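Data first, discussion second: the structure below is written as structure tokens.
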2 protein chains.
Amino acid sequence: AQIALERGYEERREYDARYRMLLASTSDAFLFVSASDGRIRDLNAPAANLLGGARDELTGAPVAQEFKDRRRGEFVENLVSLALSDVSSELAVQTRRSRRDVLITPTVFRAAGERLILCRLTVEAGRHQVNDRLT
Amino acid sequence: AQIALERGYEERREYDARYRMLLASTSDAFLFVSASDGRIRDLNAPAANLLGGARDELTGAPVAQEFKDRRRGEFVENLVSLALSDVSSELAVQTRRSRRDVLITPTVFRAAGERLILCRLTVEAGRHQVNDRLT
């Protein structure tokens, strides 16, 4: 069992390492959000920059409070239903701290029994205060 | 030990799931290459598109053969030394199948005792056949 345990640990470390390198190397802004409590589980530097905060300060924070006029439960529900809808769609929001118009493209998946929402943030080019029609 | 094993397995699955979602969601083209045998361990759709092949056909293929005039051992050595150099730098190459000029930004890391090279590929804007001076 000791060998199996160590192998499990090594395997975990392998995927952990790949995940971390990928998150650190991508130029896209990514947030991982827990679907159960709506908190940011992880994010990369481009996402922290866009939101206008520090990475360690944003980790664990409720994602809804980082966007203007978004209520916690409702916001997470919107992201999940958008992710599960047939047409791939985006949510137009404004960041609370940096007041930037961004589009969120959400994807929902299950990891170790928990539902996570992967959110890709892109800056809206040449649009101002466009309200999405889905909320 | 059973509980610990299961927890290890769950953790591996969690990182595995995060890793896969991230690799599938990023708009950047990424390749994971083994530093020991120079073969492509994993890649995403944008990378397969750039290289001009199918994802499952490219998985396991020697990375050097996908670029023009690149020899296997030497190419991997170049990527590793570039990744470990102080200045962040890129390697200018041309893809063999699609004949596109791309820049490779390599990062080296260790995962489960093996050295992997994460390569981000970007299309060179407005450059033609520029040879890097590092090879």
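Values quoted throughout were computed directly from the atomic coordinates according to the rules given, and no laboratory measurement underlies them. This structure is a prediction, so every number in the text was calculated from the model and none was measured. Ideal geometry is used to build each Cβ from the backbone, glycine not excepted, and the neighbour counts take in all protein chains shown.
Things worth noting here:
- Shortest-first nm distances, A:Arg72 label point to equivalent points in other copies (7 Å, Cα→Cβ): 5.7
- Cleavage-rule hits, trypsin sites (Lys or Arg not before Pro), segment A:47-128, DSSP coil, Cβ neighbours within 10 Å at most 11: A:Arg99, A:Arg127
- Residues whose amide H lies under 5 Å from that of A:Ala35, counting only those 5 or more places away or on a different chain, are A:Arg115, A:Leu116, A:Ile117; hydrogens are built 1.01 Å from N in the peptide plane.
- For A:Gly52, the label point sits 7 Å beyond Cα toward Cβ; its separations from the matching points on the remaining copies run 4.7 nm, from shortest to longest.
- Couplings 3J(HN,Hα) of segment A:47-64, computed from phi: 5, 4, 4, 4, 6, x, x, 8, 4, 6, 6, 7, 5, x, 7, x, 5, 4 Hz, in residue order, whole Hz [Karplus 6.51 cos²θ - 1.76 cosθ + 1.60, θ = phi - 60°; x for Gly and Pro].
- Between identical copies, the spacing of B:Ala112 label points, each set 7 Å from Cα toward the C-beta atom, reads 1.6 nm from nearest to farthest.
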